[in-house]
Amino acid sequence: MKKSLLINLHVYCGLFTCFYLLSLGTSSLVLNHKIEVDKKDVTQEWESKVAIDTTLADLDLAESIRDQLGMMGWVPPWRYHKEKDAFSFEITHLGKNSDIRTEFASGRVQVTEYRKGFLAVLHGMHFFNGKIPNAPFILRSFAVYQYLGLLVLLISLILGLWLWIKFSYHPWELYLFGFIFLSSLLIMILI
Amino acid sequence: MSTTTKFYQVLKKIHLYAGLSTAALLIMYVATSYMMIHHDSFPSEGGTQSTENIKITAADISEDNWVDFIRVHDIKGRLNNERINASGEKIMQFNSAATNTTLKINATGDEVEITRNEKNLAHSIIGVHRLSGYDGPLKYNLYALFLDAVGISLILFTITGVIMWLRLLKNNKWAWGIFIAGAIYYGIVMVLLYIG
């Protein structure tokens, strides 16, 4: 195969994933140094009304309220708090936490939102696979992007290695990076 | 050689070395990411769990004897979590890529319950992906160092790659199309998550 074609393919693959790679790189550093990136300030408070079915189990009730509010996110069971006349829970996703308090009698819902901020979203892309309940289509399509991103990253890596070996490698590079390659394999096995 | 050409050569070397130095970890991350996305296809069966209760004295788990205690009782991994529960028991959790071990020292400090979970091969490999941070024995710190190298390399070879593309293929419509489409898509996803 011609060198220019391989270079083009390597560039196309790299360009397709470059934004994903930047967020993966950033979040790897955030994870490794346990840096707190989530903001915890209240950004918005609002109220609404929903229909309450008190016969529902906690999970179904939380999901029913979330769906009626048209909100996106998970409803973690460890955040449920049921009182005699009210039910509180949290709706959460990569970019926002929302505390929800619902009164059984009136169906009144108080929502307190905490946006996590840009850095938290950038970091969250590391774990994002497009699967957030009630997410719009474009977010769900990230599952495809993630697949392609991983595949293309692998292709880009293999093409880069092939181009290096075929056209520009020096023996000392092979020894040094071969040693680093084997050392990282050894550490992965040891841990 | 002109300054621009020298600059390009330096960028090319940074791009290459950043990729080469982290190739093994990157390949591992790509493979384990696929395994994590398809975690249902990799059964959790095949691991083992065992529990034993051991009579101890305060001296056995003192600071001076702790390293010996860990070695004698084959407690693998590094201390990940330590707390006292409502019953006054001290809970210590040790994790490695392939194992989770929980020590429960009773409130009177004369007995310890050791629960060992050995993961199966697939989950052990995924366990490597999940490890991070500078804690515990030397090998974990070395791994964390590699992890930092991967993070910095990803950023470096992405930025240098984009700069080199602008020089090498700046008139290539396909490259611009892929780059702009990627930027718009990624931007929209991030904005939707930010405001969603």
Computed magnitude of the charge dipole of the range B:48-118 (debye, nearest 20; Cβ of K, R +1, Cβ of D, E -1)
260 debye
Write down the Kirkwood hydrodynamic radius of chain A, to one decimal in angstroms, obtained as one divided by the mean of 1/r over all alpha carbon pairs.
20.4 Å
Modelling each spin label as a point 7 Å along the Cα-to-Cβ direction, I'd like the A:TYR169/A:ILE189 distance in nm, to one decimal.
2.1 nm
Of A:TYR114, A:SER88, B:ILE180, which is farthest on the positive side of the dipole of the protein assembly as shown, counting Cα position, with +1 on Lys and Arg Cβ, -1 on Asp and Glu Cβ, and the Cα centre as origin?
B:ILE180
Over chain B, what is the mean sequence separation of C-alpha contacts under 8 Å (at least six apart), divided by residue count, expressed as relative contact order in percent?
23 percent
With axes computed from alpha carbons, what is the tilt in degrees of helix A:58-69 against the longest principal axis of chain A, rounded to the nearest 10 within 0 to 90?
90 degrees
From a point 7 Å beyond the Cα of A:HIS33 in the direction of its Cβ, which residues of the range B:126-150 have a backbone N at a distance under 14 Å?
B:133-134, B:145, B:147-150
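Express the relative contact order of chain A as a whole percentage, based on alpha carbon pairs under 8 Å and six or more residues apart in sequence. Could the numbers behind the result be given before it?
On the way: 237 pairs, mean separation 48.7, N = 191.
Contact order relative to length: 26 percent.
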Which loop-located chymotrypsin sites (Phe, Trp or Tyr not before Pro) does the range A:95-129 contain, where loop means any DSSP state but H, G, I, E or B and the Cβ has at most 13 other Cβ atoms within 10 Å?
A:PHE127
Which one, B:ILE14, B:PHE42, B:THR57, is farthest towards the positive end of the dipole of the range B:1-65 when Lys and Arg carry +1 and Asp and Glu -1 on their Cβ?
B:ILE14
What helices does chain B hold that run 24 Å or longer along their axis, going by alpha-carbon atoms, with a Kyte-Doolittle average of -1.0 or more, using DSSP H for the helix calls?
B:3-21, B:138-168, B:173-195
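Which FRET efficiency value, to the nearest 0.05, is calculated for A:LEU5 and A:LYS131 with the Förster distance at 45 angstrom and r the Cβ-Cβ distance? It would help to have the intermediate numbers written out before the result.
Working: r = 36 Å, r/R0 = 0.81.
That gives a FRET efficiency of 0.80.
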Per the helix-only model, chain B has a calculated mean residue ellipticity at 222 nm (DSSP H runs of ≥4, -39500 (n - 2.57) each, divided over all residues, rounded to the nearest 500) of -18000 deg cm²/dmol
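Using a 10 Å cut-off around each Cβ of peptide B:149-158, what is the average number of partner chain Cβ atoms that fall inside?
6
So, in the range A:76-168, how many Lys pairs have Cα atoms under 25 Å apart, if the pair is 8 or more places apart or on different chains?
Values: A:LYS82/A:LYS96; A:LYS96/A:LYS116; A:LYS96/A:LYS131; A:LYS116/A:LYS131.
For the range A:76-168, qualifying lysine pairs total 4.
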The range B:5-29 versus the range B:122-150: alpha-carbon centroid distance in Å:
21 Å
Distance in nm between B:ILE195 and B:LEU121 label points, each 7 Å along Cα→Cβ, equals 4.9 nm
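In the range B:134-196, which trypsin sites (Lys or Arg not before Pro) are in a loop and have at most 11 other Cβ atoms within 10 Å, using DSSP for the loop call?
Numbers: sites: B:LYS139, B:ARG167, B:LYS170, B:LYS173; in loops: B:LYS170.
In loop regions of the range B:134-196 (DSSP not H, G, I, E or B), the sparsely surrounded trypsin sites (Lys or Arg not before Pro) are B:LYS170.
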Could you work out how far the C-alpha centroid of the range B:63-106 sits from that of the range A:122-177, in angstrom?
37 Å
Please give me the summed charge of the neighbours of A:GLY95: other residues whose Cβ is under 11 Å from its Cβ, Lys and Arg +1, Asp and Glu -1.
+2
Across every pair of different alpha-carbon atoms, what Kirkwood hydrodynamic radius in Å does the protein assembly as shown reach?
24.3 Å
Tell me, how many Å apart are the Cα centres for the range B:161-196 and for the range A:1-73?
19 Å
Can you run phi through the Karplus equation (6.51, -1.76, 1.60; θ = phi - 60°) for the range B:74-88 and list ³J(HN,Hα) in whole Hz, with x for Gly and Pro?
6, 8, 8, x, 10, 5, 10, 7, 9, 7, 10, 8, 4, 7, x
Taking only pairs that are 8 or more places apart or on different chains, how many Lys pairs in chain B have Cα atoms under 19 angstrom apart?
9
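All other residues with a Cβ under 12 Å from the Cβ of B:MET164 taken together, and with Lys, Arg as +1 and Asp, Glu as -1, what is their net charge? Display every interim value, and only then the final one.
Numbers: positive: B:LYS12, B:LYS13, B:ARG167, B:LYS170; negative: none.
Net of charged neighbours comes to +4.
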Once ligands and nucleic acids are excluded and a 1.4 Å probe is used, how much of B:MET35 is accessible, expressed in Å² to the nearest 10?
30 Å²
Between B:TYR134 and B:ILE54, what is the spin-label point distance in nm, taking each point 7 Å from the Cα along the Cα→C-beta axis?
3.1 nm
Would you kindly state how much longer the chain becomes between A:LEU176 and A:GLU103 on full extension, computed as 0.36 nm times their sequence separation minus their alpha carbon distance, in nm to one decimal?
19.7 nm
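Provide the convex hull volume over Cα atoms per residue for the range B:48-118, in Å³.
Working: hull volume 5.9 nm³, N = 71.
So the per-residue Cα hull volume is 84 Å³.
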Per the Cauchy relation, a quarter of the hull surface: what is the mean projected area of the convex hull of the alpha carbons in the range A:102-173, in nm²?
8.4 nm²
Using alpha-carbon coordinates, inclination of helix A:3-32 to the longest axis of chain A, degrees
50 degrees
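Pairs of alpha-carbon atoms within less than 8 angstrom and 6+ residues apart define the contacts here; what relative contact order does the range A:42-116 have, in percent? Walk me through the intermediate numbers first.
Numbers: 138 pairs, mean separation 26.8, N = 75.
After rounding, I find 36 percent.
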Residue-wise HN-Hα coupling along the range A:97-108, computed from phi with Karplus coefficients 6.51, -1.76, 1.60 (Hz; x: Gly, Pro)
10, 10, 8, 10, 10, 10, 8, 5, 5, 9, x, 6
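The values are calculated or read from the model by the stated rules, or taken from the named source; none is laboratory data. Source: prediction; values computed, not measured. Cβ coordinates were reconstructed from backbone atoms using ideal geometry, including for glycine residues, and neighbour counts include every protein chain displayed. Each accessible area value is taken on the protein alone, full model and side chains, heavy atoms only, with ligands, DNA and RNA left out. Shrake-Rupley method; radii C 1.70, N 1.55, O 1.52, S 1.80 Å.
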